[in-house]
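Enquirer: This is the structure, below, for whatever I ask next.
The values are calculated or read from the model by the stated rules, or taken from the named source; none is laboratory data. Since the model is a prediction, treat every value here as computed from it, not as a measurement. Positions of Cβ are backbone-derived with ideal geometry, glycine not excepted, and every protein chain shown enters the neighbour counts. The protein model used for the area step is the full one, side chains on, heavy atoms only, and it has no ligands, DNA or RNA in it. Shrake-Rupley method; radii C 1.70, N 1.55, O 1.52, S 1.80 Å.
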Amino acid sequence: MRNSLIAFIAFWGSCTYSNAQISIRTEVNTKPTQQIEKYDSLSNFNLNYDIIANEYQTEETALTNINGQFRQFIGQSIYILPFTQKQLSFHKKWGSSDTKNDRLRGKYYTIDGFEFNLDESYTGMYKLDKVIFKLRNEDGKKSKWEVAYYSLDDALLVGYYEKLKQKYIGKAFIYTGRAKGKGCQFITEPSLDHSAIDTKTKQIINLRDKSEWQCTDIQLVDDEVTMQLYAILTNSDGNEIKARIRNRFLTKGETNAAFFSCFMDKNEFEKWKNSIVEKYGLEYALLIIKKKVKIGMTDKMCIEAWGEPDSKNRTVLNGKETEQWVYKTNSYLYFDDGILTTIQN
């Protein structure tokens, strides 16, 4: 009997091991397929930085992916931004370390192609380091412009600029005291970039909540440190201000993220108000539109009113979840299971 039991255990063990064999599959390496993006003029350089800055690519894969991102811009007109007055003063005093590239500034070119310098990491993987633009001016003279991929904001695609003008000049905008961010969220602190200064009189003016402004132009403005794109806005009182166009160089998926700081397209504003009433009822909608919060509001209502907090502190005790929301304005909101219970200013 003992010998039979040992034999059975040995047999069962052999069956167990035989069913636990490791499967091995051999794959044949194939060349990566180049996914070529199509330029739509909705952003300046609508690049997928998860691809071009990916540090875990072989050299062949990196070049394939990067080429796919940049080929959409071949044939496009580009304007390399001039230096600001502050930069010119610095170079006049100390000289420039990049005179070859400097000579290309303030001029228009057609993009004929690209070359890429890759950066090899210690693991033997590659990512994009520099982009070399092959350019041609209106006289047919060819030149090259070398720039780090994260410094593409030194140039402006003419198609994007023209699309901005076509899309926004003549349209009405509502001052909301908020700034549109990713996902069309609102933040509580306005980002004016001197927009409260009348560009004609140089006097500080009070921007009234829900006041209406009209976009009259899109301009590159010497903002001391860099050239920045601004929307020029006027109101019925004859005031003129400039509102910085945020995220001028948008990545894929952000093309509608944030254009006019603290201003919303009038039609978008009306749609937003109607959606708030529909979602939360008239009582809460009126508070949200005035950027006010009230005990009993849900966390989603508070985000609509004040925007996402700068930080959150979450506690779970006896199955009950409590959150503290912290805002840069030294304001705090406290929630129990998603319902506002305390407001601290």
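Enquirer: Go through THR226, THR234, THR216 for me and flag whichever is at pLDDT 80 or above and either open to solvent by 40 Å² or more (accessible area, probe 1.4 Å) or more than 19 Å from ILE169 (Cβ to Cβ) (or both).
Expert: Numbers: THR226 fails: at pLDDT 80 or above; THR234 fails: either open to solvent by 40 Å² or more (accessible area, probe 1.4 Å) or more than 19 Å from ILE169 (Cβ to Cβ) (or both).
Matching residue, one of THR226, THR234, THR216: THR216.
Enquirer: Another question about this same structure. Of the residues that sit in segment 312-328 and are under 27 Å from the mean Cα position of the chain (by Cα) and of a type outside the set (S, T, N, Q), which one is surrounded by the most Cβ atoms within 10 Å (Cβ to Cβ)?
Expert: Residue satisfying both the conditions and the ranking: TRP325.
Enquirer: Here's another thing I want to ask about it. Please specify each residue of segment 290-311 satisfying the condition of being more than 25 Å from the chain's Cα centre (by Cα) and open to solvent by less than 70 Å² (accessible area, probe 1.4 Å).
Expert: Filtering segment 290-311 for residues more than 25 Å from the chain's Cα centre (by Cα) gives 290, 292-298.
The answer is VAL293, GLY296, MET297, THR298.
Enquirer: Counting only residues that are buried (at least 17 other Cβ atoms within 10 Å of the Cβ) and out of contact with any strand residue (DSSP E or B) (no Cβ under 8 Å at 6 or more places or on another chain), which one in segment 42-63 is nearest to LYS127 (Cα to Cα)?
Expert: Filtering first and then ranking leaves ILE51.
Enquirer: Mind checking which residues of segment 127-160 are hydroxyl-bearing (Ser, Thr, Tyr) and at pLDDT below 90? Reasoning before the result, please.
Expert: Within segment 127-160, the subset hydroxyl-bearing (Ser, Thr, Tyr) is 143, 149-151, 160.
Scanning segment 127-160 gives TYR149, TYR150, SER151, TYR160.
Enquirer: Just to be sure, is ARG71 open to solvent by 50 Å² or more (accessible area, probe 1.4 Å) and modelled with pLDDT of 90 or more?
Expert: Considered against the rule, which asks whether it is open to solvent by 50 Å² or more (accessible area, probe 1.4 Å) and modelled with pLDDT of 90 or more, ARG71 comes out as yes.
Enquirer: Could you say whether any residue in segment 97-111 is modelled with pLDDT of 85 or more and small (Gly, Ala, Ser)? Outline the logic, then answer.
Expert: Residues of segment 97-111 modelled with pLDDT of 85 or more: 102-111.
Checking which are small (Gly, Ala, Ser) leaves us with 106.
Yes - at least one qualifying residue is present in segment 97-111.
Enquirer: Among the listed residues LYS291, LYS279, identify the single one that is over 30 Å from ALA155 (Cα atoms) and modelled with pLDDT of 90 or more. Steps first, answer last, please.
Expert: Numbers: LYS291 fails: modelled with pLDDT of 90 or more.
Among LYS291, LYS279, only LYS279 is over 30 Å from ALA155 (Cα atoms) and modelled with pLDDT of 90 or more.
Enquirer: Picking from TYR126, TYR79, TYR122, which residue would you name as being more than 21 Å from ASN44 (Cα to Cα), among the aromatic types (Phe, Trp, Tyr) and open to solvent by less than 60 Å² (accessible area, probe 1.4 Å)? Steps first, please.
Expert: Details: TYR79 fails: more than 21 Å from ASN44 (Cα to Cα); TYR122 fails: open to solvent by less than 60 Å² (accessible area, probe 1.4 Å).
Result of the check over TYR126, TYR79, TYR122: TYR126.
Enquirer: Check GLN185 against each of (1) out of contact with any Ser or Thr (no Cβ under 9 Å at 6 or more places or on another chain); (2) at pLDDT 80 or above and name the one condition it does not meet.
Expert: (2)
Enquirer: Starting from segment 325-344, keep only residues that are on the phi > 0 side of the Ramachandran plot and among the charged types (D, E, K, R), then list their pairs with residues that are surrounded by 12 or more Cβ atoms within 10 Å (Cβ to Cβ) and in a strand (DSSP E or B) whose Cβ atoms are within a distance under 6 Å, requiring at least 6 positions of separation or different chains.
Expert: As it stands, the answer is ASP337/GLU321, since those pairs meet every condition given.
Enquirer: Moving to a separate point now. Could you check TRP94 against (1) in contact (Cβ under 8 Å) with a residue 60 or more places away in the chain; (2) of a type in the set (A, V, I, L, M, F, W, C); (3) open to solvent by 50 Å² or more (accessible area, probe 1.4 Å) and say which number it fails?
Expert: With (1) in contact (Cβ under 8 Å) with a residue 60 or more places away in the chain; (2) of a type in the set (A, V, I, L, M, F, W, C); (3) open to solvent by 50 Å² or more (accessible area, probe 1.4 Å) applied to TRP94, the lone miss is (1).
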